[in-house]
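The values are calculated or read from the model by the stated rules, or taken from the named source; none is laboratory data. Note that the structure is predicted; figures quoted are calculated from it, not measured. Cβ coordinates were reconstructed from backbone atoms using ideal geometry, including for glycine residues, and neighbour counts include every protein chain displayed.
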Amino acid sequence: MRTRDQIAQAIDFDMVFLLTTLMLLVMGTIMIFSSSYFLSKENSGSPLAMTVKHLVHLVMGAGVMIAIIRTDYRRFNTQTFALALIGIGTLLCVLCFIPGVGISGGHAKRWVRLIFVTLQASEVAKIALIFYLAYYLSKKSKMIDDFTYGVMPVLAVVCVNVLLIFLEPDFGTAATIGLWSIFILFIAGMRLKHLLNLSLAGIPIVILLMIFEPYRRARLMAFAHPWQDMQGISYQIVQSMVAFANGGFLGSGLGESTQKLFFLPAPHTDFIFSVLGEELGFIGVIFVLCLFGIWLWRGFTIALATNDSFGFFLALSAVSLVALQAIVNMGVAVAAFPTTGVTLPFFSYGGSSLMTVMVTSGIVLSVSRGARV
């Protein structure tokens with residue numbers, strides 16, 4: 001029999017963060033069931049096929065998350081682990097372009113088939129970059145105000161991964177990772193003038209990349225003038241806004257969305273937040289925003305309470321990347337940002353995406369075990 005002290009030690013992590021994570025996972029599962037019901041029936045003949053697959057991924061993710069929680073995060077604070085993981089993440093991004101290994105979906109090459117497992121390479125790269133940045137900044141934080149010796153080495157690693165993800169092409173994920181890494185470097189102590197110089201150099205490049213690629217230019221024009229081509233390039237934005245308008249304050253009711261009936265593109269992935277807004281209304285949207293807010297607040301609290309810089313950067317990097325991705329997805333859904341293919345953490349359908357968010361949650365909970373919150 002375990003003693004009271006042994007039980008307390010076994011669950012010595014942030015319960016608020018854990019409960020919020022579980023609530024987000026439950027809400028996400030409910031919305032995947034609702035948003036994918038008719039699409040799954042159309043594609044596979046079974047309305048529950050996608051939901052069942054999601055539940056399998058959820059159980060697998062829970063096992064990984066529990067294993068990470070039970071592991072002392074300080075064991076990952078080694079050069080060998082950081083370099084090996086970033087090497088694996090980068091290699092998987094490269095394998096996306098190798099015929100027979102990389103898998104194409106539409107016009108994108110974002111997935112890799114390894115024996116019986118299919119992975120989205122960018123999701124593995126995210127985890128790798130979280131650990132790499134945490135290790136690097138915990139060792140080099142005193143040099144981070146020096147652009148050549150402090151910022152450039154880590155920025156080079158980030159840029160290689162961002163470039164590979166951009167070439168898949170996945171502009172949204174590449175931009176999200178790029179912005180996130182700059183934020184972490186700034187928090188670590190990068191000088192304001194270096195931040196401004198990077199911004200002045202990066203903004204024109206981003207604008208050029210959007211202008212010279214026809215489909216990105218079209219999406220930018222659709223964002224600026226969504227009502228000019230409602231049946232063409234603006235179709236996604238318009239249908240998303242219609243979903244929120246249909247939802248109103250209280251929503252049309254769970255499972256009662258009409259926009260998911262093949263009007264709204266990707267209702268179970270990129271625009272699942274729009275389905276949520278239609279079915280659960282303004283009240284449901286606010287509830288989900290509050291859950292994300294609590295999750296982010298507790299994550300930052302855990303980071304600030306850690307006893308070492310590695311734990312601080314590990315928790316900070318994990319929660320800020322998930323939060324930024326959520327902001328981008330929700331912003332696209334409400335027409336605040338141009339359309340991108342960034343998924344909504346905890347909600348969007350996809351095994352790799354779900355595994356990533358559960359791994360990041362496990363990382364933060366592992367850090368919380370050694371934190372004085």
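General remarks:
- Checked against (1) closer than 21 Å to Val157 by Cβ; (2) among the hydrophobic types (A, V, I, L, M, F, W, C); (3) assigned to a helix (DSSP H, G or I); (4) more than 22 Å from the chain's Cα centre (by Cα), Met190 passes all but a single condition, namely (3).
- Within the option set Ser36, Ser104, being of a type in the set (Ser, Thr, Tyr), closer than 26 Å to Phe171 by Cα and touching a residue at least 24 places away in the same chain (Cβ under 8 Å) holds for one residue only, Ser36.
- Condition check for Val59: over 17 Å from the mean Cα position of the chain (by Cα), within 22 Å of Thr343 (Cα to Cα) and not assigned by TED's automatic domain parsing to the domain that holds Thr340: no
- Qualifying helices (runs of 4 or more DSSP H) (wholly inside region 29-146; at least 1 residues being over 21 Å from Met358 (Cα atoms) and of a type in the set (Lys, Arg)): 121-140
- For Met210: the one exception among (1) under 30 Å from Tyr132 (Cβ atoms); (2) modelled with pLDDT of 80 or more; (3) hydrophobic (A, V, I, L, M, F, W, C): (2)
- Annotation: of all residues in region 297-315 being under 17 Å from Val16 (Cα atoms) and within 19 Å of the chain's Cα centre (by Cα), the one that is surrounded by the fewest Cβ atoms within 10 Å (Cβ to Cβ) is Trp297.
- Options Ile294, Ile283: the member that is touching a residue at least 12 places away in the same chain (Cβ under 8 Å), of a type in the set (A, V, I, L, M), in contact with a Gly (Cβ under 8 Å, 6 or more places away or on another chain) and surrounded by fewer than 18 Cβ atoms within 10 Å (Cβ to Cβ): Ile283
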